[in-house]
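Take a look at the structure set out below.
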Amino acid sequence: QAQLRESGGRPVQAGGSLRLSCEASGRSFVQYTMGWFRQAPGKGRELLARITWSGGDIWYADSVKGRFTISRDKAQNTVFLQMDTLKPEDTAVYYCAARESSVAGLSNYKYWGQGTQVTVSS
């Protein structure tokens, strides 16, 4: 059974950095695209970045471009989100998700982690 497990969320001060991890297990994700989403209180879920398991295709939302970096470690079956220059508006629950690379679209993310809380204080 496919599972995604996020870790690394914690309280941090504005201007600081965090690295989130998403460990994938239970199946091969070689043909999958991995995405990092977040959901702030009272807001919808927002796709921040995505990466193909091969690493050849990376995309960022404008809201995080230049501050966040997505990467993956094939040997560890883990996807990372390095977050720098954090702002209070980055406060949210952060989720890792996976979709088959052949089917684009937000609604096609079929595997989700449980989320990890990031709180940025000013």
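Among the residues of segment 1-27, write down those that are modelled with pLDDT under 95 and either within 11 Å of the chain's Cα centre (by Cα) or open to solvent by 100 Å² or more (accessible area, probe 1.4 Å) (or both).
Answer for segment 1-27, where residues must be modelled with pLDDT under 95 and either within 11 Å of the chain's Cα centre (by Cα) or open to solvent by 100 Å² or more (accessible area, probe 1.4 Å) (or both): Gln1, Arg27.
For segment 46-72, name all the residues that are among the acidic types (Asp, Glu) and at pLDDT 95 or above.
Pass one, segment 46-72, residues among the acidic types (Asp, Glu): 46, 57, 62.
Selection gives Glu46, Asp62.
Name every residue in segment 40-66 that is outside any loop (DSSP other than H, G, I, E, B), within 19 Å of Trp112 (Cβ to Cβ) and either of a type outside the set (Gly, Ala, Ser) or touching a helix residue (DSSP H, G or I) at 6+ places or on another chain (Cβ under 9 Å) (or both), in order of residue number. Can you show your working first?
Initial filter on segment 40-66 (outside any loop (DSSP other than H, G, I, E, B)): 45-52, 58-60.
The next check asks that each one be within 19 Å of Trp112 (Cβ to Cβ); those that pass are 45-52, 59.
Selection gives Arg45, Glu46, Leu47, Leu48, Arg50, Ile51, Thr52, Trp59.
Please go through segment 47-62 and pick out each residue that is in contact with a Phe, Trp or Tyr (Cβ under 7 Å, 6 or more places away or on another chain), open to solvent by 20 Å² or more (accessible area, probe 1.4 Å) and either free of Cβ contacts under 8 Å to residues at least 24 places away in the same chain or farther than 21 Å from Thr85 by Cα (or both). Even if it seems obvious, please write down each step before you answer.
Let us first name the residues in segment 47-62 that are in contact with a Phe, Trp or Tyr (Cβ under 7 Å, 6 or more places away or on another chain), namely 47-50, 53, 60.
Then drop every residue that is not open to solvent by 20 Å² or more (accessible area, probe 1.4 Å), which leaves 47, 50, 60.
Passing the criteria: Arg50, Tyr60.
Could you list, in sequence order, all residues of segment 105-122 that are of a type in the set (Gly, Ala, Ser) and either in contact (Cβ under 8 Å) with a residue 24 or more places away in the chain or open to solvent by less than 40 Å² (accessible area, probe 1.4 Å) (or both)?
Keep residues of segment 105-122 that are of a type in the set (Gly, Ala, Ser), which gives 105, 107, 113, 115, 121-122.
The answer is Gly105, Gly113, Gly115, Ser121, Ser122.
Regarding segment 67-75, can at least one residue be identified that is touching a Leu at 6+ places or on another chain (Cβ under 9 Å), open to solvent by less than 20 Å² (accessible area, probe 1.4 Å), in contact (Cβ under 8 Å) with a residue 12 or more places away in the chain and not in a loop (DSSP other than H, G, I, E, B)? Working first, answer last.
To start, the set of residues in segment 67-75 that are touching a Leu at 6+ places or on another chain (Cβ under 9 Å) comprises 67-71.
Then keep just the ones that are open to solvent by less than 20 Å² (accessible area, probe 1.4 Å); that gives 68, 70.
Retained after the next criterion (residues that are in contact (Cβ under 8 Å) with a residue 12 or more places away in the chain): 68, 70.
Pick out the ones that are also not in a loop (DSSP other than H, G, I, E, B) and you get 68, 70.
The answer is yes; a qualifying residue exists.
Sort out which residues of segment 85-103 are touching a Ser or Thr at 6+ places or on another chain (Cβ under 8 Å), of a type outside the set (Ser, Thr, Tyr) and open to solvent by less than 50 Å² (accessible area, probe 1.4 Å), and write them in order of number.
Within segment 85-103, Leu86, Val93, Ala98, Arg99 qualify.
Can you find, within segment 77-99, the residue that is nearest to Gln31 (Cα to Cα) among those that are of a type in the set (A, V, I, L, M) and assigned to a strand (DSSP E or B)? Break it down into steps so the answer makes sense when it comes.
If we filter segment 77-99 for residues that are of a type in the set (A, V, I, L, M), which is where we start, we get 79, 81, 83, 86, 92-93, 97-98.
Subsequent filtering for residues that are assigned to a strand (DSSP E or B) retains 79, 81, 83, 92-93, 97-98.
Numbers: Val79: 14, Leu81: 20, Met83: 26, Ala92: 29, Val93: 26, Ala97: 14, Ala98: 10 Å.
Among those residues, the one meeting the criterion is Ala98.
The values are calculated or read from the model by the stated rules, or taken from the named source; none is laboratory data. Treat the numbers as computed from the prediction; the structure is a model and nothing was measured. Reconstructed Cβ throughout: ideal geometry from the backbone, glycine too, with neighbour counts over all protein chains shown. To get the accessible areas, we keep the full protein, side chains included, count just its heavy atoms, and leave off ligands, DNA and RNA. Shrake-Rupley method; radii C 1.70, N 1.55, O 1.52, S 1.80 Å.
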